[in-house]
Amino acid sequence: MKILHVCESLIGGPASYLEEVLPYQIQIFGAANVVVLAPEGQRDSIAPSVNCTVETYRRTGRDVRSIMALALAIRKNIKLHNPDIVHLHSSFAGAIGRLIIRALQLRTRVIYCAHCWAFDRPRRTIGTRLYTMLERVLSRHTDVIVNISPHEEKILRKAGIPLHNAKLIVSGIKDLASLPDDAPPATGPMRLLFVGRFDAQKGVDLLLREFAQLEPGRATLDLVGAKIVDNDDLTIPPDVNLMDWVPRGALPAMFAKFDAIVMPSRWEGMPLLAIEALRSGRPLICSNHGAFPYFIKSGVNGILIDIGTPGFLDRALTKLENTDRAAMNAAARETFVTMFHRDRMNRDLVALYDGLVGKALEPKLAPTVVFEQKKRKQIADRAAVEKALR
């Protein structure tokens, strides 16, 4: 079996997700049969040890030229590699990939994982309505939609997207060989860490606003990441420690130096960073939007916050300060062990591939062609019956 994974961008979640699924698929299908299509210059976003074939296209942003380049690259690589499965990751790759495959009437099976649905936002706008309509139409040209959290099933129902071809495969990651020894001190200011894109979705602007309102010396804040999508200016106060992206493998040791990981997202699918924090035994201070309420029990393995209400960070810290932090760390770790190990995710994905490829690959023909075929079959059947009666 040959698999083609298509990403409009690797940076952040898509790269982390692929690092969990690619080694298993390479082991099952062979390195030559697992291909990734991604922007040139982003190959380093996937660990060098993942030795599958990586095809690239030229991306300068989310502009017309880049979209056309991705469309041509999808067409080229489907013809070049002739994959049994095209696995599309995130909204842009999902939309462009399905339109190209439909237009060319290709026989490959199509799996789409949004990772975070574009219309899953707090406010309904013209843009979200258009995204909803587009996803509703494109769902008809998708063999399977992979949802990575129960939250996604809920929003698909709300959007009027049928679930008959949807499959819930909750994201997972590999466990650590050993947990870091470092532990935050029991006294002193709370040490908070944010890791991710400095974009509106992730709510870093809300976090900075809240942090500025805290009593001096109550907490420290480190930000790791950079802007990817948004162009709005973001002012980082001098008392906030700012770092660029760090290798994914360095995160467990970094997590060990902090009391909590803050994720004030405005919308989310199933962020792998949250799972990585839980794996390291670190509680989350996270918004009550998206998938978080499905696995965070406030006061037990993290703190759920209402990002729409000012003062949310102060209240979260008060709750954290009055909680048995060692017990909360242990509960966070237990949540990972019981819910988010990658073995189950990988087995379910490969079983999904096997089930799709095991079916006869019927070409998606135009309605007029299908009508002509049915008409010829009816004439042939009638002739056979008349011959038998003579």
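Worth a mention:
- Largest mean-square fluctuation among E215, E20, E334, in a Gaussian network model of the chain whose springs join Cα atoms under 10 Å apart, belongs to E215.
- Across region 190-340, Cα-Cα distances exceeding 22 Å account for 34% of all pairs.
- R102-A253 pseudo-label distance in nm [points 7 Å out on the Cα-to-Cβ vector]: 4.9 nm
- When the helices of the chain are scored as -39500 (n - 2.57) per DSSP H run of n ≥ 4 and the total is divided over every residue, the value at 222 nm lands at -13000 deg cm²/dmol.
- Peptides 197-204, 302-309, 324-331, 164-171 ranked from most to least packed, by the mean per-residue count of other Cβ atoms within 10 Å: 197-204, 302-309, 164-171, 324-331.
- Other-chain or far-sequence residues with amide H under 5 Å of I307's (modelled H): N288
- For D244 and N82, the FRET efficiency from 1/(1 + (r/R0)^6), where r spans their Cβ atoms and R0 equals 56 Å, is about 0.90.
- Debye, to nearest 20: dipole size of region 140-276, +1 on Lys, Arg Cβ, -1 on Asp, Glu Cβ: 560 debye
- Distance between the pseudo-spin-label points of Q27 and D324 (7 Å out from Cα toward the beta carbon): 3.7 nm.
- Placing unit charges on the Cβ atoms only, positive for Lys and Arg and negative for Asp and Glu, gives region 190-340 a dipole magnitude near 480 debye about its Cα centre.
- When the charge dipole of the chain is built from unit charges on Cβ atoms (+1 for Lys and Arg, -1 for Asp and Glu) and taken about the Cα centre, the candidate among L88, N288, M345 whose Cα reaches farthest toward its positive end is L88.
- Too-long pairs where the Cα-Cα distance tops 22 Å, listed order kept, from K257/K319; K154/K297; K227/K297: K227/K297
- Residues in region 1-45 that a label on R347 would reach, taking backbone N under 19 Å of a point 7 Å out along Cα→Cβ: 20-29
- Take the Cα of K154, step 7 Å toward its Cβ, do the same at D233, and the gap between the two points is 3.8 nm.
- Placing a label point 7 Å from the Cα of R136 along the Cα-to-Cβ direction, the residues of region 150-165 with a backbone N closer than 16 Å are 155-164.
- The dipole here belongs to the chain: it is taken about the Cα centre, uses +1 on the Cβ of Lys and Arg and -1 on the Cβ of Asp and Glu, and is about 2340 debye.
- By the count of neighbouring beta-carbon atoms within 10 Å, fewest first, D44, D222 end up ordered D44, D222.
- Residues M68, M345 arranged by fewest to most Cβ contacts within 10 Å: M68, M345
No value in this document is a laboratory result; all are computed from the given coordinates. The structure displayed is predicted, hence computed values, not measured ones. With ideal geometry, Cβ positions are generated from the backbone for all residues, glycine too; neighbour counts draw on all protein chains shown.
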